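Input: a single structure, listed below in structure tokens.
The values are calculated or read from the model by the stated rules, or taken from the named source; none is laboratory data. Model, not experiment: these values are computed from the prediction. Reconstructed Cβ throughout: ideal geometry from the backbone, glycine too, with neighbour counts over all protein chains shown. Just so you know, the surface numbers come from the protein's heavy atoms only, side chains and all, with ligands and any DNA or RNA stripped out. Shrake-Rupley method; radii C 1.70, N 1.55, O 1.52, S 1.80 Å.
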Amino acid sequence: MVDEKLEPSTAKMMVKGSADSLNSAFHLSYNTLLNQIRCEDGDPENLLRNSFYQFQADRAIPDLEKQAKMLEKERDSMIVEEEDSVQNYYNLLQQHKSLKKDVRDIVFSSKYCVPYLQSGRPICIQCTLGDESQSFTVEDPVTWGVIVNFERVKSLSEDDSSRKSEDAKFTVSVLTRCVVSREGVVKKTIKIVPLKQAGEPLVVSVPISQIKGLSSARLYMAKDLLPLETRENTLKQLAEFLARNADGLPLDPEGDMKIKSSSYKKAVRRIEALEHLFKKHKIANSPLIVQKLKVLHTKQELKAKIKSIQKTMRSSTALAFKDELKARKRVLRRLGYITHDDVVELKGKVACEISSADELTLTELMFNGVLKDMKVEEMVSLLSCFVWQEKLQNATKPREELDLLFSQLQDTARRVAKVQLECKVQIDVESFVSSFRPDIMEAVYAWAKGSKFYEIMEITQVFEGSLIRAIRRLEEVLQQLILAAKSIGETELETKFEEAVSKIKRDIVFAASLYL
């Protein structure tokens, strides 16, 4: 290896570099918990206490305490004159910013603003000056531009056919004044600046969230904006229009855009009340207000960091693990896996055998009779949702009967997740439900039906290696289900699972080597 091609820095890293840090990814699963409860001398609490994860968490606490103390010291060293009054003003500014965002979100939702995004309409947009002091003023730094066109943003993860047009996101192409700075050959940054400032007239893509206002007027737009002179003339036309109409003749949200939302009216009234308070506030007239607000803002950020560290310290203690243990036991009792005396029930015996898939959802499907009522090929296809983790873009939807089975799986998963949430287990219900993916259901169904490997590769966009790995994991889950069915005396299901294994365990997928 040590030849002329080896860089000195690489060689130094190999010989003198430090090893990658080893961090425990241990988490308490229901399978582990049930197996601990089932054992006579099993003590899940002791298992958690003596885990490498807990050891690392305990070892990290002194460093976290030291970090928190340093941040507290830094926070306490910051002194703001008339802090109570500045704090009051800061809170009012934050409220004002939040309310303006609420109003803007309503007015510039696709439902209301898309019909007005016509070419030639003057548009008020936020500048990208990068000046932090502007965030501590009532007015945002804005400039004007002219709409060229707009387009809908297509998300890769979403199914566009299922989304309403009013929920879709849009970007607007705007002709405005910009400053272009280049770093090296490739990297360049474009900043939107006020019209009077020096810069180039450029057409930039702006998200709807950056729009601050729409004019009721329309200016003449040349069809070809490639020549620099044409763009300059359009911006001159815009500047003349603004000289005559300083406010830009804004569209009236209620009169022109027909916004009748009660939440909009309520937010507007609160903004007016706040702006009245700003005029009265004595601090607002102080010349040092921006510096004071900056210091106060830094203090607030330090407080947030300290809280975050303290939360991490609390969650890494053995007590937090104990709370999680209690919550998970509550889930098992609610779903009938263990009794109140911690005796493992029939459901619990099944879940004890399943470690390669989500044990609770799979056990629920088994006891609901869903797996018993379907054909072997359909069952194998449904079980593929438990082992497939990758996210496919534009994956084909499975056929109607398979889609119906997938809906049953989603309903069961949602019910299991809701029970966990009610029992104080930290879980995002929708993320949990969406973790079961139907992307390879069709391919696995065809494989169980006896199709050749090249035929199933035509059905799906998945890489060969990923599909082989998924089918192998699926066979592992089926082997665990065979043991689970045997443990509760379900001979019919046991036979069904064995038949499923014989149908998928064949050919190139289970060859010892792909070169054979």
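Miscellaneous remarks
- Residue check for Gln426: assigned to a helix (DSSP H, G or I) and either surrounded by 15 or more Cβ atoms within 10 Å (Cβ to Cβ) or in the same structural domain as Lys372 (by the TED database) (or both): no
- Failed condition for Arg469, given (1) farther than 22 Å from Gln389 by Cβ; (2) open to solvent by 40 Å² or more (accessible area, probe 1.4 Å); (3) basic (Lys, Arg): (1)
- Of all residues in the stretch 96-104, one or more are closer than 30 Å to Pro250 by Cα, among the β-branched types (Val, Ile, Thr), out of contact with any Leu (no Cβ under 7 Å at 6 or more places or on another chain) and touching a residue at least 60 places away in the same chain (Cβ under 8 Å).
- Flag if Tyr264 is among the aromatic types (Phe, Trp, Tyr), open to solvent by 30 Å² or more (accessible area, probe 1.4 Å) and either touching a residue at least 24 places away in the same chain (Cβ under 8 Å) or in a helix (DSSP H, G or I) (or both): no
- Enumeration of residues in the stretch 217-245 that are small (Gly, Ala, Ser) and either touching a Lys or Arg at 6+ places or on another chain (Cβ under 8 Å) or modelled with pLDDT of 90 or more (or both): Ala217, Ala239, Ala243
- Residue selected from the stretch 1-57 under the condition modelled with pLDDT under 85 and among the basic types (Lys, Arg), by the criterion most open to solvent (accessible area, probe 1.4 Å): Lys5
- Test for Lys496: is it of a type outside the set (Gly, Ala, Ser), farther than 30 Å from Val344 by Cβ and modelled with pLDDT of 85 or more: no
- Residues of the stretch 499-512 classified as of a type in the set (Val, Ile, Thr) and at pLDDT 90 or above, total: 1
- Of all residues in the stretch 381-410, those satisfying the criterion of being open to solvent by less than 80 Å² (accessible area, probe 1.4 Å) and either out of contact with any Leu (no Cβ under 9 Å at 6 or more places or on another chain) or of a type in the set (Phe, Trp, Tyr) (or both) are Phe386, Trp388, Glu390, Leu392, Ala395, Asp403, Phe406, Ser407, Gln410.
- The numbered conditions (1) crowded, with 16+ Cβ neighbours inside 10 Å; (2) touching a Cys at 6+ places or on another chain (Cβ under 9 Å); (3) modelled with pLDDT under 90 are all true for Ser487 except (1).
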